[in-house]
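Rule-based calculations on the coordinates, nothing more; no lab input. Keep in mind it's a predicted model, so treat the numbers as computed, not measured. With ideal geometry, Cβ positions are generated from the backbone for all residues, glycine too; neighbour counts draw on all protein chains shown.
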Amino acid sequence: MASITLKDIVKVYGDGYLAVKGVSLDIAEGEFVILVGPSGCGKSTLLRMIVGLEDITSGDLLIDGERVNEEAPRKRRLAMVFQNYALYPHLTVFENIAFPLRLERGQFTEEQIREKVRFAAETLELQDHLDRKPANLSGGQRQRVAMGRAIVRDARAFLFDEPLSNLDAKLRGQMRTEISRLQRSLGITTVYVTHDQTEAMTLGDRVAVLRKGELQQIASPRGLYEQPVNLFVAGFIGSPPMNFLPGEVEGDVLRLPIADVPLTPELRERLADRRLVIVGIRPDHFVDAALLEEHKRDAGVTFDAVVDVIEWLGSELYAYIPFETHPDVAAKLDELDRDLDGESMRTQLVAALSSESRVRDGESHPLWFDPARMLVFDPETWENLTYNEAAVQALDEQNEQDRKAALERAAARLSAAGTTPG
Amino acid sequence: MTGTLTGRQRFWWAVITVLVLLWALFPVVSIFATSFKLPSQLNLGLFWPKTWTTSNYEQILVGDAKTLFLSALRNSIGISLIATAIAVVLATLAAYAIGRLDFPGKRLILTAALGVSIFPAISIVTPLFNLWRNIGLYDTWLGLIIPYLSLTLPISIWTLAAFFRQIPWELEQAAQVDGATSWQAFRKAIVPLAAPGVFTTALIAFFIAWNDFVYGISLTSTDRARPVPAALAFFTGASQFEEPTGAISAAAVVVTIPVVILVLLFQRQIVAGLTQGAVKG
């Protein structure tokens with residue numbers, strides 16, 4: 001276990017391309033941190049710099065408080081799981097897992113190696129496949145062998161580079177929980193790179209969102225979801241993604257394409273003299289007004305929506321509502337879509353309603369939302385004008401306590417079982 | 001091919017295989033039979049010898065033709081091995097660069113190699129002959145090794161480049177993260193994967209050099225450097241009126257044996273090496 005500290009890390013490639021523009025991160029002992037962002041945001045480069053496969057142009061990388069910028073990868077004692085697993089095709093599963101142990105010549109006896117590999121294989125349920133070659137394994141099994149190679153070692157931290165992107169959706173879900181369980185039970189510092197926001201939200205203690213080599217925000221998944229620092233983070237986190245609507249300020253009213261929202265004095269002040277803003281509302285913040293309790297109705301805004309398409313998913317229901325957007329805002333949102341690797345879609349709003357809702361496509365139906373949960377962004381700087389730092393801190397502190405409790409529970413379980421890894 | 005063959009398909013495949021085998025092996029068997037014939041029985045019109053004799057082999061290994069044949073054998077083995085070794089080392093370096101690095105002129109190297117390999121040898125033999133005589137390379141080992149490289153290098157570069165291109169180089173990095181030094185990473189993760197390709201290439205290059213006739217006959221004049229395929233043409237019969245067919249056949253059998261043994265021993269690797277780049281790449 002180790003802490004990893006990044007101070008103003010910069011990466012400039014040989015051709016002058018600035019891939020990482022000064023990222024600072026503090027990763028505590030035993031913490032599970034996710035680096036997430038669309039392709040080309042520098043997340044993999046950052047990970048490869050931590051492990052030592054990529055030179056650091058400037059800045060400091062500290063592992064356990066010790067500067068390791070110039071150390072060779074093997075000296076850093078970190079274990080990494082590669083995107084394509086990087087298994088040695090000429091070695092059996094057993095030898096693949098034992099590979100790092102055999103490199104430390106003389107350190108372990110044959111007996112110890114067998115014992116460690118057996119422990120890793122049992123943890124990952126690979127006992128039956130130890131004599132097979134990687135070519136004969138399924139994707140999920142290869143993935144587990146790659147993880148086995150990481151856990152046999154006395155590594156100071158685990159690094160994962162998009163480990164699940166080559167698996168099919170069902171297996172991905174299973175392996176996700178597997179990784180989460182493994183990390184908790186070993187209590188090992190983990191840095192995990194992904195472009196998939198679902199993985200980021202479900203796995204991480206903290207999630208660092210990157211865009212074009214710059215760190216946008218690092219916070220707990222809840223913190224990111226509820227208090228994104230800017231339009232990019234808001235658009236990246238959450239599925240289905242947040243709805244962005246143009247908002248025109250007219251006196252004390254914010255005019256949205258779907259409804260007029262009265263401005264609170266506080267919000268009015270934050271808006272200053274802006275005439276046009278971008279308003280973000282999460283799909284799940286819309287409620288079918290017909291299902292809403294009467295006393296809540298007055299606290300929010302009710303509007304009639306003409307529903308274009310309905311998707312009923314069993315647990316919930318997505319209603320798609322087209323709307324007219326403002327040309328200035330449309331241009332900004334196109335830019336955001338490009339940043340998010342997305343395509344510019346027709347302007348429509350998604351509402352995730354309760355599956356009991358009786359909304360029908362083509363019908364006009366009353367929907368309700370609470371303006372207090374609405375986010376307001378500056379269209380030029382993309383800054384979240386409704387950002388509440390205190391709320392984020394509270395969420396992160398809560399999250400940190402939960403994490404420590406989980407680690408303690410895991411440690412207690414381990415000592416109760418009388419086995420220690422390694 | 002996937003799936004199993006039906007009875008009918010199996011039958012036709014068998015017929016085709018037998019035909020191809022007959023077509024390919026008949027000359028070999030014929031030479032083999034001839035090599036055991038007495039000079040006087042060569043023109044009897046029989047396929048198999050009337051009386052089996054090893055006199056032809058005695059002639060080339062211990063008899064009259066001994067100096068001619070054994071020195072040629074020594075030349076062939078030496079020149080082919082050296083040409084192969086140089087070709088494989090150079091081709092490995094070139095293919096490593098082509099497969100691994102991105103540099104301007106990459107395509108040019110491959111195209112040039114292809115161009116060299118389709119250039120007919122016969123058209124450069126005469127200028128080479130003159131040049132070699134002037135600079136003293138005529139009738140030397142080096143004088144043959146250099147043109148042999150022009151035959152073996154292009155194909156070696158192509159085979160190895162195709163092979164190296166599909167080696168997962170990320171393994172080298174994985175090994176380094178696993179605690180290996182750069183050298184250990186190369187030796188433990190890359191060499192085991194590259195070795196079969198290099199080995200196959202070496203075999204192919206060796207055969208090309210071993211089988212050459214055009215350069216061998218044109219650029220040598222004595223047993224200092226003359227390789228076996230060329231030396232066969234200089235065999236003489238016991239008298240002026242007797243053809244040395246038997247001795248030539250015996251020599252041909254002797255030089256074919258190492259090739260056949262090598263191919264039989266390593267056929268799996270050769271097939272894998274030849275098809276890997278093509279099928280999976």
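List the trypsin sites (Lys or Arg not before Pro) within segment A:260-309 that fall in a DSSP loop (any state other than H, G, I, E or B) and whose Cβ has at most 12 other Cβ atoms within 10 Å.
Here the sparse-neighbourhood loop sites are A:Arg275.
Within 10 Å of each Cβ of A:90-101, how many other protein chain Cβ atoms are there on average?
2
What net charge is computed for the residues neighbouring A:Ser355, neighbours being all others with C-beta under 13 Å from the C-beta of A:Ser355, Lys and Arg scored +1, Asp and Glu -1? Present the calculation step by step, with values, prior to reporting the outcome.
Working: positive: A:Arg358; negative: A:Asp284, A:Asp288, A:Glu311, A:Glu316, A:Glu356.
After counting each charged neighbour, the total is -4.
Restricting things to alpha carbons, tell me how big chain A is in terms of Rg and Dmax, in Å.
So, for chain A, Rg and Dmax equal 24.5, 78 Å respectively.
Step through the residues of segment B:6-23 one at a time and calculate ³J(HN,Hα) from phi using the Karplus curve (6.51 cos²θ - 1.76 cosθ + 1.60, θ = phi - 60°), rounding each to whole Hz and writing x for Gly and Pro.
7, x, 4, 4, 4, 4, 5, 4, 5, 4, 4, 4, 5, 4, 5, 4, 4, 4
So for chain A: antiparallel DSSP bridges make up what percent, rounded to the nearest 5?
Antiparallel bridges make up about 75 percent of those DSSP assigns within chain A.
Sorting check: for A:144-155, A:11-22, A:329-340, B:83-94, which peptide has the highest mean count of neighbouring beta carbons within 10 Å, and how do the rest follow?
A:144-155, B:83-94, A:329-340, A:11-22
When you look at the Cβ of every residue in B:162-170, what mean number of other chain Cβ atoms sits within 10 Å?
Across B:162-170, the average partner-chain Cβ count within 10 Å equals 2.
Using only atoms on other chains, find how many Cβ atoms lie within 10 Å of each Cβ of peptide A:72-83 and report the average.
Average neighbour count from other chains, rounded to a whole number: 4.
What is the sum of charges, Lys and Arg at +1 and Asp and Glu at -1, for the other residues whose Cβ falls under 14 Å from the Cβ of A:Asp402?
So the surrounding residues net to 0.
For segment A:202-216, list residues with backbone N below 17 Å from a point placed 7 Å from the Cα of A:Gln83 toward its Cβ?
Residues passing the 17 Å test: A:210-213.
Provide, in order from the shortest bin, the percent of all Cα-Cα pairs of segment A:175-267 in each 10 Å bin, continuing until the bin that contains the maximum pair distance.
Histogram of Cα-Cα distances, whole percents per bin: 14, 35, 27, 15, 8, 1.
Take peptides B:17-30, B:141-154 and line them up by average Cβ neighbours within 10 Å, highest first, as a rough protection proxy.
Descending packing order for the listed peptides: B:141-154, B:17-30.
As I understand it, the value is the acute angle between the Cα axis of helix A:389-417 and the longest principal axis of the Cα atoms of chain A; what does it come to in degrees, rounded to 10?
For A:389-417 against chain A, the angle is about 30 degrees.
At q = 0.13, 0.15, 0.20 Å⁻¹, what log₁₀ I(q)/I(0) does a Debye calculation on the Cα points of segment B:70-195 give, no solvent, two decimals?
-0.68, -0.82, -1.12
Rank the residues A:Phe369, B:Phe213 as a footprinting-exposure proxy: fewest other Cβ atoms within 10 Å of their Cβ go first.
B:Phe213, A:Phe369
7 Å from Cα along Cα→Cβ at both A:Arg105 and A:Leu18: what's the point-to-point distance in nm?
4.6 nm
Using only the alpha-carbon atoms, how far is helix B:122-135 inclined from the longest principal axis of chain B? Give it as 0 to 90 degrees, nearest 10.
Orientation of helix B:122-135: about 90 degrees from the principal axis.
Taking the Cα-to-Cβ direction at B:Val254 and at A:Glu66 and moving 7 Å from each Cα, how far apart do the two end points lie in nm?
Taking the two extended label points, one gets 6.7 nm.
May I ask you to list the residues of segment A:1-19 whose amide nitrogen lies under 18 Å from a point 7 Å from Cα along the Cα→beta-carbon direction of A:Ser415?
A:1
So in segment A:4-226, what percent of DSSP beta bridges are antiparallel if you round to the nearest 5?
Here the antiparallel bridges make up roughly 50 percent for segment A:4-226.
What per residue convex hull volume, in Å³, comes out for segment B:1-114 when only alpha-carbon positions are used?
Residue-normalised Cα hull volume stands at 232 Å³.
Under 5 Å between amide H atoms, partner at least 5 residues away or on a different chain: which partners does A:Leu349 have, H built in plane at 1.01 Å?
Excluding prolines and chain starts, which carry no amide H, the hits are A:Ile321, A:Phe323.
Note the per residue figure in Å³ for the convex hull of the C-alpha positions in segment B:57-280.
156 Å³
Students often check this: by mean Cβ neighbours within 10 Å, which of A:111-124, A:233-246 ranks highest, and how do the rest follow?
Output ranking for A:111-124, A:233-246: A:233-246, A:111-124.
Grab the Cα-Cα distance for A:Ser39 and A:Asn388, subtract it from 0.36 nm times how many residues apart they are, and report the gain in nm with one decimal.
Taking 0.36 nm per residue and subtracting the Cα distance, the gain is 122.8 nm.
Hey, how much of the P(r) for segment A:108-194 falls beyond 18 Å, as a percent of Cα pairs? Walk me through the numbers on the way to the answer.
On the way: 1669 of 3741 pairs.
In whole percent, the long-distance tail amounts to 45.
Give the angle, between 0 and 90 degrees and rounded to the nearest 10, that separates the Cα long axis of helix A:110-123 from the longest principal axis of the Cα atoms of chain A.
So the inclination is approximately 20 degrees.
Rg and Dmax in Å for segment A:201-346, alpha carbons only: what are they?
When restricted to the Cα atoms of segment A:201-346, Rg and Dmax are 16.5, 48 Å.
When the Kirkwood hydrodynamic radius is evaluated over all pairs of different C-alpha atoms of segment A:4-226, what value in angstrom, to one decimal, is obtained?
Result for segment A:4-226 stands at 18.0 Å.
Quick one: plug the Kirkwood hydrodynamic radius of segment A:1-129 (C-alpha pairs) into Stokes-Einstein at 10 °C, 1.306 mPa s, and report D in µm²/s.
94 µm²/s
What number, rounded to the nearest 500 deg cm²/dmol, is the helix-based mean residue ellipticity at 222 nm of chain A, given -39500 (n - 2.57) per DSSP H run of at least four residues and division by all its residues?
Dividing the helical sum by the residues of chain A leaves -10000 deg cm²/dmol.
Simple spin-label model, 7 Å along Cα-to-Cβ: A:Asn136 to A:Asp361 in nm?
Inter-label distance under the simple model: 5.0 nm.
Over chain B, what is the mean sequence separation of C-alpha contacts under 8 Å (at least six apart), divided by residue count, expressed as relative contact order in percent?
29 percent
What length, rounded to one decimal in nm, is gained on full extension from B:Arg187 through to B:Thr51, with 0.36 nm per residue of separation minus their alpha-carbon distance? Spell out each step's value before the answer.
On the way: separation 136, 0.36 × 136 = 48.96 nm, distance 5.66 nm.
Separation in residues times 0.36 nm, less the Cα-Cα distance, equals 43.3 nm.
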